[in-house]
Amino acid sequence: MPARAAFAAFLSDRVVDARVDEPLALHTTLRIGGTADWFVRPRDERELADILRAARECDVPWRILGSGANILVGDAGVCGVVLHLGRMRRRDGTQVQAGYSLSQLVKETVAEGVSGLEFLAGVPASIGGAIVMNAGGRYGEIAQSVRAVDVVTPEGDVRRLSRGEVPFRYRSWGLAPGHIALAAGFQWTPDPGTRARYDAVLAQKKATQPLGSPNAGCVFKNPPGRHAGRLIDEAGLKGARSGRAHVSRKHANFIINEGKAIAADVHRLIDLVRARVNERFEVDLELEILTW
Ligand code: EPU
């Protein structure tokens, strides 16, 4: 049997939640993206390990999609299997699984009166995505509250890494490609001021970011010592458009899908923003969002 057919047979025999030709636009906050050959939601770590092994044996490329909040998927979609860890969302004693919602965890811990992640109020992400991207902003990044991360290594072994063993940096956890975040444990400190800080961060976000329309958060990284949003704004690009996508008038580092935008619209807008900011300030903006 050819390898792709063998993989398809493995999925239909052994995996419950596997879909074929799934539109990734359904799974990204930008609501953009072509199809994945297979879209699979493993029930637990064992099923995930089995799928990874089968993909390796059948030479099928795999990727992990978190909550789709920080990604631009191309109109042609992706080959191979996209793994979504949304069914792996247990929170027990110390560890929180990768598929758990970050905003849910933040809300729960604020209600419990423990400090640790309240500065990430309103950041849409899965725990796995937030760890791999080292999610953060002006109030800090998730790395500062991490105690340990459970990973699958590229060889397929499961290991628990202490925070010191994860080389976190700006918007990345720094581990080689092929690692998967399975779960994370955090440092919690009882603190009566937690809710007030959470409310303040959320209010600031609502006032400055276009939270209501489909977007992928900040598109560009902040260059050292500068703010991408301010540079794009000062280059006069608020409201600039390409097809059905435009640069937000509320925060210039956001691109909005007006409803029917395609990835090509967004790519053209990204190129325009980069060129204008470079012309005006001689700064090369780097993408913060991932592109597939
Ligand atoms: N600014 C403008 N015009 C704009 C937008 C911003 O002049 O259109 C100015 C602001 O007035 C401010 C400065 O730029 O003086 C920085 O703006 P802001 O405080 O909104 O923070 P940011 O650096 O643009 C970062 C993160 C955000 C995070 C916020 C708040 C990056 C690339 N962005 O934004 O993260 O929500 O801090 O904590 O690090 C994301 O990662 O997707 C994201 C949105």
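The values are calculated or read from the model by the stated rules, or taken from the named source; none is laboratory data. Because the structure is a prediction, the values reported are computed rather than measured. All Cβ positions, glycine included, derive from the backbone under ideal geometry; neighbour counts span all protein chains shown. Calculation scope for accessible area: heavy atoms of the full protein, side chains included, ligands and nucleic acids excluded. Shrake-Rupley method; radii C 1.70, N 1.55, O 1.52, S 1.80 Å.
Data overview
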read-out	value
Residue check for G193: small (G, A, S), more than 16 Å from the ligand (Cβ to nearest atom), within 14 Å of S145 (Cβ to Cβ) and modelled with pLDDT of 95 or more	no
Residue match in region 258-265 (condition: among the acidic types (D, E), under 30 Å from D37 (Cα atoms), more than 16 Å from the ligand (Cβ to nearest atom) and buried (at least 17 other Cβ atoms within 10 Å of the Cβ))	yes
Region 199-230, residues that are within 16 Å of G68 (Cα to Cα), open to solvent by 30 Å² or more (accessible area, probe 1.4 Å) and either among the aromatic types (F, W, Y) or near the ligand (Cβ under 7 Å from one of its atoms) (or both)	C218
Hey, G128 within 13 Å of the ligand (Cβ to nearest atom) and either under 30 Å from L269 (Cα atoms) or surrounded by 17 or more Cβ atoms within 10 Å (Cβ to Cβ) (or both) or not	no
Options D271, D233; residue that is more than 9 Å from the ligand (Cβ to nearest atom), free of Cβ contacts under 8 Å to residues at least 40 places away in the same chain and of a type in the set (D, E)	D271
Given (1) under 18 Å from the mean Cα position of the chain (by Cα); (2) open to solvent by 30 Å² or more (accessible area, probe 1.4 Å), number of the condition D233 does not satisfy	(1)
Per-region count, region 182-224, residues over 30 Å from R63 (Cα atoms), in contact with a strand residue (DSSP E or B) (Cβ under 9 Å, 6 or more places away or on another chain) and among the charged types (D, E, K, R)	3
Residue in region 102-115 that is modelled with pLDDT of 95 or more, open to solvent by 10 Å² or more (accessible area, probe 1.4 Å) and within 16 Å of the ligand (Cβ to nearest atom) present	yes
Which numbered condition S126 fails, given (1) farther than 18 Å from W188 by Cα; (2) modelled with pLDDT of 95 or more; (3) of a type in the set (G, A, S); (4) out of contact with any Ser or Thr (no Cβ under 8 Å at 6 or more places or on another chain)	(4)
Residue within region 137-155 that is within 17 Å of the chain's Cα centre (by Cα), within 16 Å of the ligand (Cβ to nearest atom) and of a type in the set (S, T, N, Q) present	no
Pair list, Cβ < 6 Å and 6+ apart or interchain, from region 56-75 residues that are open to solvent by 30 Å² or more (accessible area, probe 1.4 Å) to residues that are among the hydroxyl-bearing types (S, T, Y)	S67/S126
Qualifying residue in region 23-46 (condition: within 23 Å of R89 (Cα to Cα), open to solvent by 20 Å² or more (accessible area, probe 1.4 Å) and over 21 Å from the mean Cα position of the chain (by Cα))	yes
Of residues in region 164-187 being small (G, A, S) and in a loop (DSSP other than H, G, I, E, B), the one nearest to R226 (Cα to Cα)	G174
Residue list for region 276-292, filter: more than 12 Å from the ligand (Cβ to nearest atom), open to solvent by less than 50 Å² (accessible area, probe 1.4 Å) and either in the same structural domain as A25 (by TED's automatic domain parsing) or closer than 19 Å to S248 by Cα (or both)	V277
